[in-house]
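Bear in mind these aren't lab numbers, they're just calculated from the coordinates by the rules spelled out. Computed from a predicted model, the values in this text were never measured in an experiment. Here the Cβ positions follow ideal geometry from the backbone for every residue, glycine too, while neighbour counts run over all protein chains shown.
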Amino acid sequence: MTSTKELITLRVNGERRTVAAEPHHTLLEVLREELDLTGTKHGCELGECGACTVLVNGAPVLSCLTLPSLIGDAEVTTVEGLATGERLHPLQTAFAEEGAAQCGYCTPGMLMAAKALLDATARPTREQIAMAISGNLCRCTGYTAIYEAIEKAAFRS
Amino acid sequence: MSEFSVIGRRLPKVNSWAHLTGEARYADDLFLPRMLFGRLLRSTRPHARIRRLDVSRAAAHPGVVAIVTGADMPAKMGIMPSTQDETALAVDKVRYVGEPVAAVAAVDEDTAFDALSLIDIDYEDLEPIFTIEEALEREDVKIHDESKRANVFKEVHLSFGDLEGGFASADHVRDDWFFFEGNTHAPIESHSAVASYGGDDKLTLWTATQVPHYLHRELEKVLGLARSRIRVIATPNGGAFGGKSDPFGHEFAAALLSIRTRRPVKITLDREEVFYAHRGRHPVKMRIRTGVRKDGEITAVHYQSWLDGGAYASYGIATTYYTGALLTVTYRIPAYKFDGVRVYTNKPPCGPKRGHGTTQPRYGFECQLDKIAQDLGLDALEYRKRILQPPQSRTVNELRITSMGLGECLDALQRATRYSERHGQLGRGRGIGLAGSAYISGAGLPIYWNEMPHSGAEIRIDRGGGVTVMCGTAEIGQGSDNMLASVAAEALGILPSDVHVVSGDTSLAPVDLGSYSSRVTFMAGNAVKDAAMKLRALLFAVASEKLGTPVDHLVAAYHRIYDPSDPEKFITFADAAVLAESKHGTLVAAGSYKPPKGIGGSFKGAGVGPTPAYSYQAAVAEVSVDLETGTLTVDKVTTAHDCGRALSPANVEGQIEGSAYMGYGEIIAEEQVFRGGLHKKPSLLDYKLPTSLDTPTLEAIVVESVDAEGPFGAKEAGEGPLNPVIPAIANAVYDAIGVRFDETPITPEKILDALGKRDNRGIPKTRIGPDGLAERDGDPKRARRRLDASTEGRERKRTPSVGSR
Amino acid sequence: MLRLPRFRILSPRTYREAAEMLRDHGAGELDRSRGTPTLRVLLVAGGTDLLPNMKRRQFAPEILVSLAHVQGAAGIHENGELTVSAGTTLTALAEDARIQERYTALAEAAGVVSTPQLRNMGTIGGNICLDTRCNWYDQSLFWRTAEGYCMKTNPEVVCRVATSSPRCLAVASADTVPALMVLGATVHFEDARGGREVRLAEFYREDGISPSTLRPDEALTDVTIPHEDGWRSTYVKLRDRGSFDFPIAAVAAAVRYDGRAITDARVAITALASRPMLVEAARAALVGTRLEDDAVAAAAEAVHKAARPMDNTSGTISQRKRASRVLAERALRALRPA
């Protein structure tokens, strides 16, 4: 059991971070275990739930199936990078107001999927929202409050 | 204007911000210095004796620090004190595939995982039992030696009123069999626990649990460590739904590994393991005989259920009773008999899932009522309204009914959906269906006999006007922290966001029995209100003196105490707190809640069913069926729910919608099924949680009956709304294609079968469901044979030996 | 948390370099030292199929050769024919206006693979080389240990789907493949010595263990699709849910119009056998017709005949067999002129 860690440099939430990580550890593991960014969750580690969704260069991907050494200089955004300083992202405010987070566990991944949608589509339809979050399972809400929150955030931003 | 300043307002939940910024610390998010990582070795056999368990090779593996096995913790444990049949890790025998056998702690999880394959274990296979029928018949195989009859775990028989007379006076009797397939909670967060045993010989366990207090008791028993030396902290649960309300092997294993190593130990289950931990919805076979008069008035009901309990007790004794206890609280039933049997099988243990034990009978009964309405030519909605159990009444099984809003729920649904006009009118392939239901606002009795409060709360007001509420409730996503803050804030005239909530911590907060049986809003809400009202009295006394206003003229809102007739004359909450502390000393108050006596009967078994208040709900489902592929689409579910009073309307609606979602999943696809004891689909790809693209449009209607005993009138909202959705969808499918689905889930295969399109020569059917206890799936041993098939068997088949025999 | 087995990653810059790495690290050799036999070196593109399989220990290679940094691996180009580089993501395919218009079935198929996240990661090359699936196989190491393993990982064991089957019955499950087949696609490979190309329709074989003629020492580099006027195509998929799920039956259809008459046609199916396949008899039923109801029915009948689902996916055999006909009818009707 010898360590085979290698140094990798990642750009996460606007910061350049160099960490030693096992080459077989996924971006999910590196974010949570090496960078203390535990906001990114995991529900299956097989790409079957979407809880670990982060943005890589603005596109939602599954951190549980991403090898960090392969993403190079790409910008990684996690839920911790959603707010700007003391200013919350409109999605965060709208999710709170609409009760779109119940247990909160799918929420970080859901927010990332929603952010990517709003960054590309300022005023998404209900169908576009449903499609955008179709890779994120939520076991609590039935998705209704999430639709309403995303619509509200879109309206405000 | 509302009489309230907090209650009924749409304010963000106090714990939202942590959820939305990634700050919330779930159990697996905890990383402690020197922490070790554990993994569990699990049984690969459904039923076997452990002949040899040798961990020496694994222990010698570099990076492995400690290993524990069942022999290290042989004490029997389990959630219900009267039926403790589990051990933390299997001792001598395994009873289902996936049962934990040993636990390894290592410097990292990779190493712990690798070490599992170095544990040498030999099994002596025993004959497994997979079905209810086998379990009832096989005296020669005992999953638990304690079973007196075959593999029966519990058998109950209760009878109320004149059953024979009731059936004799009926004009029409329906006799239907139903089967409700098992399914599981599948919270997105898997179970996780972090144990830390310190130099002070005290153990702290952070764990995703709904029941920190009950777990606290079991840890004492299993670890032999005084409860005074154990602190359980329920971390925010990333969903639970009943699945985290048992004590689990990994919790004990993490604790013992930490005791042995004096280092923190984390064990987080992976998704597959969550399917084995299970404790989900019981598969239940049901037979319901109901007698009615011509006008539909029920004269008698005989309800029988057979529950497939899996390998251990869990809450099974309560589940068994719950299948029969609550059928009586919705509609008038003058005579009622209930027979229930729960059996052991070699599968992961079943337990409480949202709607605990009432979901299956409610499905059967509401489907049967739909048939009765059809038989008698009655409108199913009007019919239900006509036979409602009245408020402020007693049921035939002696349950006390107080507030009762099912009629209002039905009226609201008729207004919202025009059910009565549209039923039967939508054309082939489209349908609309209805069902009603009820649930408890907390069990009337705790799981262990005691006279203490069910919920305790403590509130402290600090000198800056800060308020801290401490209560042992577990925040599982249902919003209990916000409820505690809201009730305290309403009573004290501040805002929920001013309140610090300390919950789920057995050292810092008074006992609350836990987040199960939808008890928290009613019971912890009353406890925290009790504490808050005591502090409010102190604040009002000093305010009255200061303002020269009689106490009974004062109100508290928006950080002020004032007389509403002269609102400019006020004292701020913070100033009142300083005056009150000056006069009375430190401002701390405790409150508690215990359900009143006399809310149920006194017969044996009367402990399950009573509650201080029943919630009521009804749902209308609208469906379309693809007649060629058999695909069932649920277009919309509208649910009306009597929650007494919506303390936080957005949360109540969220619970109603989430319940509808979960009920929808249960009838359309979700099933916890096995092949030869091996779970057929232990993954989120194969176990089909509905996605955003599948989920129907969900509409929630809040009905407020304002319960006299609930905190500010509130009752439960988290479980009941699931129940009517399932039969409403089944009834809608009947409306669409004229086929009764007397079993769940309603799969495309079953629809095609019913339509006579299963194999192009089929004959259409009017009903899919069981006709008795017998399994429809044929020989369950076939699956086992397939698992045991060897290559030689294949070779034999490929080269038939000519001339032999 | 379910984690990957240990491995090293190599990141070549060219396909040739990748192929040399495969060759140098013993491509095709089985390592039998760690329980289940496993290939020593494997290529990985998007990783959405391979990495879950590795987490379940269906594979535990020592070395992964990643195509992430191969230059020019992604892109869609049109000059006479359509060239899609193997590293192009499924999202890029689904959203490409040219593909939506001229090669509709491909855009539709790419757009219904799993989830948005997975489509952002998964590549067309990966989808073409997707491992066959089976619910006796796509399970964890623990589950398969309890099962007693199956032929696909342990050749000496039976196929659990049909214990007397002489071959593995795992199912072809890639959405884009039947779409590419009906569009007449050709796939291009490179190995350490050179390259080869093969018509996609001839790439696959009826064997769950070795479902294609892909060699372990070569990399898929491009897919080309001829540009011919008059074609219309579509892809129809049956699955349990609106996302995440693999097809349990799927039909791609393309017809070529001259005026209102069908001059050529291709119908392909997947998830109904170990290989995706062109249904030749369907072509015969369609050419020369105007997609009248009986022509559609005859083609759908041919599809139905070709479909041989086994009990190893979600859903049931009879449901999927029946769906093959229904999906074929729906696909073909959708191709009628508006």
- [ ] Just the Kirkwood number for the protein assembly as shown, please: inverse of mean 1/r across all distinct Cα pairs, in Å, one decimal.
- [x] 32.1 Å
Task: Compactness index (Cα Rg / 2.2 N^0.38 Å), segment B:495-557 - done: 1.45
- [ ] Determine the shielding of peptide C:133-142 by partner chains: average, over its residues, the number of Cβ atoms on other chains within 10 angstrom of each Cβ.
- [x] 5
TODO: Can you tell me the dipole magnitude for chain C around its Cα centre, using point charges on the Cβ only (Lys, Arg +1; Asp, Glu -1), in Debye to the nearest 20?
DONE: 980 debye
Task: Selection of GluC sites (Glu not before Pro), segment A:84-157, meeting DSSP coil and at most 14 other Cβ within 10 Å - done: A:Glu86
Open item on the list: Within 10 Å of each candidate Cβ there may be at most 16 other Cβ atoms; applying that plus a DSSP loop requirement, which trypsin sites (Lys or Arg not before Pro) in segment C:124-200 survive?
Closed with: C:Arg167, C:Arg193
Task: Cα-based convex hull volume of segment B:65-199 per residue, rounded to whole Å³ - done: 223 Å³
Open item on the list: Nothing charged except the Cβ atoms of Lys and Arg (+1) and of Asp and Glu (-1): what's the magnitude of the dipole of chain B about its Cα centre? Round to the nearest 20 debye.
Closed with: 1240 debye
Task: Positive-end extreme of charge dipole, segment C:188-272 - chosen from C:His227, C:Tyr204, C:Ala252 (charges on Cβ) - done: C:Ala252
Task: Per-residue Cβ neighbour rank within 10 angstrom, fewest leading, C:Cys134, A:Cys64 - done: C:Cys134, A:Cys64
Task: Summed residue charge, Cβ within 11 Å of B:Thr417's Cβ, Lys/Arg positive, Asp/Glu negative - done: +1
TODO: Determine, from the Cβ-Cβ distance of A:Ser3 and B:Val555 and an R0 of 56 Å, the FRET efficiency 1/(1 + (r/R0)^6), rounded to the nearest 0.05.
DONE: 0.30
Task: Per-residue Cβ neighbour rank within 10 angstrom, fewest leading, B:Ser147, C:Ser33 - done: C:Ser33, B:Ser147
Task: Over chain C, equivalent-ellipsoid semi-axes from the Cα gyration tensor in Å - done: 33, 25, 16
Task: Loop-exposed GluC sites (Glu not before Pro) per DSSP, neighbour cap 12 Cβ within 10 angstrom, longest uninterrupted part of chain B - done: B:452-805
Open item on the list: Based on alpha-carbon centroids, what's the gap between segment B:443-500 and segment C:64-102 in Å, whole number please?
Closed with: 57 Å
Task: Cα pair distances of segment C:82-188 binned at 10 Å [whole percent] - done: 14, 37, 23, 20, 5
- [ ] Compute the Rg to Rh ratio over segment B:552-701 from the alpha carbon atoms, using the Kirkwood formula for Rh, and round to two decimal places.
- [x] 1.19
- [ ] Calculate the translational D of chain B in whole µm² s⁻¹ from Stokes-Einstein, where the hydrodynamic radius comes from the Kirkwood formula applied to all Cα pairs, the temperature is 20 °C and the viscosity 1.002 mPa s.
- [x] 77 µm²/s
Task: If the convex hull is drawn through the Cα atoms of segment C:195-308, its volume per residue in Å³ - done: 139 Å³
Task: Of B:Lys597/B:Lys715; A:Lys115/B:Lys13; B:Lys546/B:Lys594; B:Lys76/B:Lys142, those spanning more than 27 Å from alpha-carbon to alpha-carbon - done: B:Lys546/B:Lys594
Open item on the list: Cα atoms only: what Rg and Dmax, in Å, come out for segment B:377-428?
Closed with: 14.1, 44
Task: segment B:349-407 - charge dipole about Cα centre, Lys and Arg +1 at Cβ, Asp and Glu -1, debye rounded to 20 - done: 280 debye
- [ ] Could you pull out the GluC sites (Glu not before Pro) across segment C:1-71 that fall in loop regions by DSSP (anything but H, G, I, E, B) with no more than 16 other Cβ atoms inside 10 Å?
- [x] C:Glu29
TODO: Calculate the length of the line joining the C-alpha centroid of segment B:254-274 to that of segment C:166-212, in whole Å.
DONE: 45 Å
- [ ] Calculate the translational D of segment C:1-125 in whole µm² s⁻¹ from Stokes-Einstein, where the hydrodynamic radius comes from the Kirkwood formula applied to all Cα pairs, the temperature is 25 °C and the viscosity 0.890 mPa s.
- [x] 155 µm²/s
- [ ] Within 10 Å, count the other beta carbons around each residue, average over each peptide in B:676-684, C:7-15, A:16-24, and list them highest first.
- [x] B:676-684, C:7-15, A:16-24
Task: log10 of Debye I(q)/I(0), alpha-carbon scatterers only, for segment B:617-776 at 0.10, 0.16, 0.17, 0.18 Å⁻¹ - done: -0.44, -0.94, -1.01, -1.08
- [ ] From other protein chains only, count the Cβ atoms within 10 Å of every residue's Cβ in B:745-757, then give the mean.
- [x] 3
Task: Extreme residue, positive dipole direction of segment B:486-566, given options B:His553, B:Ser515, B:Val502 (C-beta unit charges) - done: B:Ser515
Open item on the list: In chain B, once you exclude exposed chymotrypsin sites (Phe, Trp or Tyr not before Pro) (DSSP loop, at most 15 other Cβ within 10 angstrom), what's the longest stretch remaining?
Closed with: B:32-447
Open item on the list: Based only on Cα atoms, what mean projected area does the convex hull of segment B:203-333 have, in nm²?
Closed with: 10.7 nm²
TODO: Report, as a whole number in µm² per second, the diffusion coefficient that Stokes-Einstein gives for segment B:260-342 at 25 °C and 0.890 mPa s using the Kirkwood radius over alpha carbon pairs.
DONE: 155 µm²/s
Task: Net charge over other residues, Cβ less than 10 angstrom from the Cβ of B:Gly38 (K, R count +1; D, E count -1) - done: +1
Task: Partner chain coverage, peptide B:695-703 - average Cβ within 10 angstrom - done: 3
Open item on the list: Between segment B:353-397 and segment C:8-43, what is the separation of their alpha carbon centroids in Å?
Closed with: 64 Å
TODO: Over the Cα atoms of segment B:295-452, compute the convex hull volume and normalise it per residue, giving Å³.
DONE: 151 Å³
- [ ] Any chance you could list the semi-axes, whole Å, largest first, of the equivalent ellipsoid that the Cα gyration tensor gives for segment B:509-616, using √(5λ)?
- [x] 38, 15, 12
- [ ] Calculate, in whole percent, how much of the Cα-Cα pair population of segment B:137-206 lies beyond 16 Å.
- [x] 80 percent
Task: Over segment A:3-92, equivalent-ellipsoid semi-axes from the Cα gyration tensor in Å - done: 21, 16, 11
Open item on the list: As a footprinting exposure proxy, order B:Lys285, B:Lys583 by other Cβ within 10 Å, with the fewest listed first.
Closed with: B:Lys583, B:Lys285
- [ ] Take each uninterrupted DSSP H stretch in chain B, measure its Cα extent along the helix axis, and return the ones at 24 Å or beyond whose mean Kyte-Doolittle hydropathy is at least 0.0.
- [x] B:525-547
